[in-house]
Amino acid sequence: MKGVAIVTGGAKRLGGAISVLLAQEGYDIALHYHRSEGEANKLKQEIDGLGRRCLLMQGDLSDPDLPHKLVERSNAELGALKLLVNNASCFEKIPFAETSMHDFDRYFNLHLKAPFFLSQAFAKICSEGAILNLLDTRVETYATGYFAYSLSKKALKELTLLLAKALAPRIRVNGICPGPILAPEEMDADYLNKVALRTPMKVPGKVEDILYAVKYLTQSNYINGELLFVDGGERLV
Ligand SMILES: NC(=O)c1ccc[n+]([C@@H]2O[C@H](COP(=O)([O-])OP(=O)(O)OC[C@H]3O[C@@H](n4cnc5c(N)ncnc54)[C@H](OP(=O)(O)O)[C@@H]3O)[C@@H](O)[C@H]2O)c1
């Protein structure tokens, strides 16, 4: 048993794959979800089937009380917190001029404030472990279409690096920066293929490419403050 991993937005898509991988690696999973109750229940069965415990925790991460509640509950019901994966996200094309204050708050609450206070609560309890933040290759580029999304992920990148310094040597903090891996739910595969054609590798990445990165960053005990780009070189164009 490796201890307990909290995964936010962990019911499906990349978060779901990461939750299953971590269960296969020996972690018990504190699986947070927001709206995907059906997927969360299915995943719990899969994780139970692997012989690992899975605690389901529902909640909207724009609720300022949720971060510490998730950490306290995970610790009380599963014990031995070792890993926090800040994965929950939203992604909509909203240019600068059309970004409302509500949009701004939504993105910064989910991508910065929630990971900040989850990390703070986690660091209070975890004696030794790691935090892994899901960023985006856009943290290195200046495309402006998804303005608040990109800006809030850039802020999360800085939080990742500051915490890598502040929480060492007890807790390592790293980030994964995906490029085109899964199309947004309302888009089809054509959208993803078109985006991928603009990258040096010309094709989308696979979920497995993200899982290799998760494995590497969770298992390498001397890697701290690293941003691993799984983007086919997209940040270079
Ligand atoms: N997919 C890609 O190709 C790609 C590319 C670049 C970066 N990334 C990053 O990689 C991570 C995973 O990507 P993804 O596409 O799998 O993510 P996603 O589907 O966009 O979002 C993951 C989960 O976040 C949860 N969520 C959304 N709003 C929430 C809120 N207000 N409170 C709590 N949870 C909320 C949702 O949970 P429920 O379903 O339970 O509501 C959702 O399933 C994200 O951080 C994303 O930014 C992904």
Which of the residues belonging to region 36-57 are surrounded by fewer than 19 Cβ atoms within 10 Å (Cβ to Cβ), away from the ligand (no atom under 15 Å from the Cβ) and not in a helix (DSSP H, G or I)?
LEU50, GLY51, ARG53
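If I ask for residues that are in a loop (DSSP other than H, G, I, E, B) and surrounded by fewer than 14 Cβ atoms within 10 Å (Cβ to Cβ), which ones from region 160-187 would you list?
Step one: list which residues in region 160-187 are in a loop (DSSP other than H, G, I, E, B), which gives 167-170, 179-187.
ALA168, PRO169, ARG170, PRO184, GLU185, GLU186, MET187, listed by residue number.
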Condition first: closer than 24 Å to ALA166 by Cα, within 15 Å of the ligand (Cβ to nearest atom) and either in a loop (DSSP other than H, G, I, E, B) or touching an Asp or Glu at 6+ places or on another chain (Cβ under 7 Å) (or both). Now tell me which residues in region 80-127 satisfy that.
ASN87, ALA88
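Any idea which residue in region 199-211 is farthest from GLY175 (Cα to Cα), counting only those that are surrounded by 15 or more Cβ atoms within 10 Å (Cβ to Cβ) and not polar (S, T, N, Q)?
Restricting attention to region 199-211, the residues satisfying the condition of being surrounded by 15 or more Cβ atoms within 10 Å (Cβ to Cβ) are 199, 204-205, 207, 209-211.
After this cut, where a residue has to be not polar (S, T, N, Q) as well, the list is 204-205, 207, 209-211.
Values: PRO204: 20, GLY205: 17, VAL207: 16, ASP209: 14, ILE210: 11, LEU211: 13 Å.
Among those residues, the one meeting the criterion is PRO204.
Can you confirm whether LEU227 is within 18 Å of ASP136 (Cα to Cα) and either under 15 Å from the mean Cα position of the chain (by Cα) or buried (at least 18 other Cβ atoms within 10 Å of the Cβ) (or both)?
Numbers: within 18 Å of ASP136 (Cα to Cα): yes; either under 15 Å from the mean Cα position of the chain (by Cα) or buried (at least 18 other Cβ atoms within 10 Å of the Cβ) (or both): yes.
Against the criterion (within 18 Å of ASP136 (Cα to Cα) and either under 15 Å from the mean Cα position of the chain (by Cα) or buried (at least 18 other Cβ atoms within 10 Å of the Cβ) (or both)), LEU227 qualifies.
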Considering each residue of region 204-219, count those that are away from the ligand (no atom under 13 Å from the Cβ) and either under 14 Å from LEU134 (Cβ atoms) or part of a loop (DSSP other than H, G, I, E, B) (or both), and give that number.
2
For region 95-107, pairs from a residue that is touching a residue at least 40 places away in the same chain (Cβ under 8 Å) to a residue that is of a type in the set (A, V, I, L, M), with Cβ under 7 Å and 6 or more apart or across chains, are THR99/ALA148; ASP103/ILE94; ASP103/ALA148; PHE104/ALA148; TYR107/ALA148
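Out of ILE176, ILE181, ILE210, I need the residue that is touching a strand residue (DSSP E or B) at 6+ places or on another chain (Cβ under 9 Å), more than 16 Å from VAL85 (Cα to Cα) and β-branched (Val, Ile, Thr). Which one? If you could, list the steps in order and put the result at the bottom.
Working: ILE176 fails: more than 16 Å from VAL85 (Cα to Cα); ILE210 fails: more than 16 Å from VAL85 (Cα to Cα).
Going through ILE176, ILE181, ILE210 in turn, just one is touching a strand residue (DSSP E or B) at 6+ places or on another chain (Cβ under 9 Å), more than 16 Å from VAL85 (Cα to Cα) and β-branched (Val, Ile, Thr): ILE181.
Would region 188-198 turn up any residue that is surrounded by 15 or more Cβ atoms within 10 Å (Cβ to Cβ), aromatic (Phe, Trp, Tyr) and assigned to a helix (DSSP H, G or I)?
First, the residues of region 188-198 that are surrounded by 15 or more Cβ atoms within 10 Å (Cβ to Cβ): 192, 195-196.
Imposing the further condition that a residue be aromatic (Phe, Trp, Tyr) reduces the set to none.
No.
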Determine whether region 58-66 contains at least one residue that is buried (at least 20 other Cβ atoms within 10 Å of the Cβ), at pLDDT 95 or above and touching a strand residue (DSSP E or B) at 6+ places or on another chain (Cβ under 6 Å).
no
Answer from TYR222, TYR142, TYR149 - the residue that is within 12 Å of the ligand (Cβ to nearest atom) and either surrounded by 20 or more Cβ atoms within 10 Å (Cβ to Cβ) or without any contact (Cβ under 8 Å) to a residue 12 or more places away in the chain (or both):
TYR149
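The values are calculated or read from the model by the stated rules, or taken from the named source; none is laboratory data. Quantities reported herein were computed from a predicted structural model and do not represent experimental measurements. Glycine also receives a Cβ, built like all others from the backbone with ideal geometry; neighbour counts cover every protein chain displayed.
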